[in-house]
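> My questions all concern the structure below.
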Amino acid sequence: MNVLADPHQPKTLSRQTIMQMHPHRRLFFNSTRLQPATALLGTLVVSWLTMTAFAAENPNRIRPYEKNPRYWQFKGQPVLLLGGSKDDNLFQIPDLKAHLDEMKAVGANYIRNTMSDRNDLGFEVYPFKRLPDGKYDLEQWNEEYWRRFENMLQWTAERDIIVQIEVWDRFDYSTKNWPPHPYNPRNNVNYTAEQSGLAAEYPDHPGQNRQPFFFTTPKQRHNTVVLEHQQRFVDKMLSYSLQHDHVLYCMDNETSGEEAWGAYWAEYIRQRAREAGKRVCVTEMWDDWDLKAERHKRTFDHPERYDFCDVSQNNQKKGQEHWDNFQWVRQYISKQPRPLNTVKTYGADGGRFGNNRDGLERWWRHVIGGAASARFHRPDSGLGLSAPAIASLKAARKLESLIKLWQVEPANQLLSDRENNEAYLAARPGEAYALYFTDGGAVGLDLKTVVGTFEVRWLDIATGEWGKREQIKGGGIITLNAPGKGHWVAAMLKTP
């Protein structure tokens, strides 16, 4: 029996379930079997306590910032999520603790963790127990998989590193990853191909959305044979992750699936959290590279379902279009603003999605442009935690030490004599300005209505170190010249 109940069916929580989710309620059960009258009273009391616990907001959990819901807060304080790591399903890597320490040391506080198990590198394991005959039992667990997951949650919690979980990754269930997978009917003892509707091979790119694994929910094909095992997996995951306050949940990796699939799992996870007296933040990530595509509105238009939006696929775009599309989304959701996360920033020399320059520009455009998170994608599709990524992380944290990004707004309208994709600005007009140059240059900054003196401190993004200082006075349009070619950012603050 699942520890957590199906939200689509009325269930009564057992004594064991309640005690597992809420050990402090043990006082309500002073015997192994409740008498009928006290059972009813106990159920009512537990229901009341569950709702009370849920209503009492936990100030420590990761959630949208109270004063600016476009950003996150954690442990009651606003936080900018920045990251870069060498893999996606980090809980599987053998040197995780050292990698987390390396991230922490350079200012990274955000990871992507897919629940993947492709085992193409030799060290990954599946979540299910393998039997002596080589087949898997989907109703028994591989404790090593879950031990790794639990360690990742604990070690990131200790380092205040936010985890964005992706529950399902379509690439795990197609092409070369599907033939050996435990969910494949020829590899488990729980169902046949006929019972499950799953074939032995799905050779097409998962973007074709031909894998029935992603059509199992009640408003789709309602494949209860497979759905039962999917639910059991998610329940097991949540039995660990709901113990922590530093976890965000994304239903899929760049899906092109039906809306009903992600909506089902978003509510499933939210309901499980409610049953445990918790609140969580969930989203979906769509594959469309154009953020104006209709499919993205499945998250943009549903703040009641999705607490934040992951717009990582914008990082397939370049230059001014990349900035403009992101700003379009900020405006589109302005009536009910939410955090916009970018957990995958593409672009690295030798990769398929652009070079190092593309990766750095995309990351910095999102940081300056108002993203709640920015993370370099793993190599070779992204810069990971390479030297250029580390320099950017250090530079961004230095910038943040002077200018809190949640206190400024994108403000390119204040720039003049600007070439396409030359520079990008965030500002609290009259007080603070953060100006990013993609490759040197000079622009005009409108300070006509501003009286006073500003100190400008330059950051060399190539090294992550401070550059020159200078002072400028308001009262006109001021020309700002980057110290040289390459990526630069200026932190400009009004002096007392």
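> Return, for the Cα atoms of segment 123-200, the radius of gyration and Dmax in Å, separated by a comma.
15.0, 47
> Additional query: Can you tell me the accessible area per residue over segment 371-445, all protein chains present, probe 1.4 angstrom, in square angstrom?
Spelled out: the 1.4 Å probe surface of segment 371-445, per residue, equals 31 Å².
> Please work out the Cα center distance from segment 269-313 to segment 174-192, rounded to the nearest Å.
Segment 269-313 and segment 174-192 have Cα centres separated by 29 Å.
> Rounded, prolate or oblate: pick one for segment 217-263, where a ≥ b ≥ c are the square roots of the eigenvalues of its C-alpha gyration tensor, a/c under 1.5 means rounded, and failing that, prolate if a/b is larger than b/c, else oblate.
oblate
> Round to the nearest 0.05 the FRET efficiency obtained for TRP328 and ALA193 when R0 = 41 Å and r is the Cβ-Cβ distance.
0.35
> Also, I was wondering about something else. How much solvent-accessible surface does THR255 expose, in Å² to the nearest 10, with a 1.4 Å probe and all protein chains in place?
That residue has around 10 Å² of solvent-accessible surface.
> Enumerate the amide H contacts of ILE162 below 5 Å, restricted to partners 5 or more residues apart or on another chain; note that Pro and chain-start residues carry no placed amide H.
TYR110, ILE111
> Can you pull the percent of the chain's accessible area that's carbon plus sulfur, 1.4 Å probe, other chains left in place?
49
> Return the calculated 222 nm mean residue ellipticity for the chain, to the nearest 500 deg cm²/dmol, obtained by summing -39500 (n - 2.57) across DSSP H runs with n ≥ 4 and dividing by the residue count.
Taken over the chain, the calculation gives -9000 deg cm²/dmol.
> Shifting gears a bit: Taking the chain as the reference, fit the longest principal axis to its C-alpha atoms, fit the long axis of helix 36-55 to the helix C-alpha atoms, and give the angle between the two in degrees, 0 to 90, nearest 10.
10
> Compute the acute angle (0 to 90°) between the alpha-carbon long axis of helix 387-402 and the principal axis of greatest extent of the alpha-carbon atoms of the chain; round to the nearest 10°.
Between the helix axis and the principal axis of the chain, the angle is about 70 degrees.
> Compute the accessible area per residue over segment 161-255, keeping the other protein chains in place, probe 1.4 Å, unit Å².
35
> Roughly how compact is segment 358-496, stated as its Cα Rg over 2.2 N^0.38 Å to two decimals?
1.00
> Okay, next question. Per the Cauchy relation, a quarter of the hull surface: what is the mean projected area of the convex hull of the alpha carbons in segment 186-244, in nm²?
Over all viewing directions, segment 186-244 projects a mean Cα-hull area of 5.4 nm².
> Rolling a 1.4 Å sphere over the protein heavy atoms, what is the accessible area per residue of segment 286-362, to the nearest Å²?
I get 39 Å² per residue for this part.
> Quick one: compute the contact order of the chain, relative version, from alpha carbon pairs under 8 angstrom and 6+ residues apart, as a percent.
Result for the chain is 12 percent.
> Which three extents, in whole angstrom, do the alpha-carbon atoms of segment 207-305 cover along their principal axes, largest first?
Computed over the Cα atoms, the extents are 36, 31, 19 Å.
> Turning to a different aspect of this structure: Which of the GluC sites (Glu not before Pro) found in segment 271-339 are in a DSSP loop and have at most 16 neighbouring Cβ atoms, other than their own, within 10 Å?
Here the sparse-neighbourhood loop sites are GLU304.
> For segment 356-389 and segment 390-467, compute the distance between their C-alpha centroids and round to whole Å.
Answer, in whole Å: 17.
> Principal axis lengths of segment 304-432 from Cα atoms, whole Å, largest first?
For segment 304-432, the Cα extents along the three principal axes come out at 41, 39, 29 Å.
> Treat every Asp and Glu Cβ in the chain as -1 and every Lys and Arg Cβ as +1, leave all other atoms uncharged, and give the resulting dipole magnitude about the Cα centre to the nearest 20 debye.
Result for the chain is approximately 1340 debye, rounded to the nearest 20.
> Right, something else. Taking the Cα of ALA105, stepping 7 Å toward and past its beta carbon, and measuring to each backbone N in segment 460-475: which are under 20 Å?
462-466
> Can you tell me the 0 to 90 degree angle between the C-alpha axis of helix 356-369 and the longest principal axis of the chain, rounded to 10?
Rounded to the nearest ten degrees, it is 90.
> Along the three principal axes, how long is the chain when you take its alpha carbons, biggest first, rounded to the nearest angstrom?
If we take the Cα atoms of the chain, the spans are 79, 53, 42 Å.
> Now for a different question. Could you give log10 I(q)/I(0) at q = 0.13, 0.27 Å⁻¹ for segment 85-153, computed by the Debye formula over C-alpha point scatterers of equal weight, without solvent?
-0.41, -1.26
The values are calculated or read from the model by the stated rules, or taken from the named source; none is laboratory data. Please read these numbers as outputs of a predicted model, since none were measured by experiment. Virtual Cβ from ideal backbone geometry, glycine too; neighbours counted across all protein chains shown. Ligands, DNA and RNA are stripped out before the accessible areas are found, and what is left, the full protein with its side chains, is counted by its heavy atoms. Shrake-Rupley method; radii C 1.70, N 1.55, O 1.52, S 1.80 Å.
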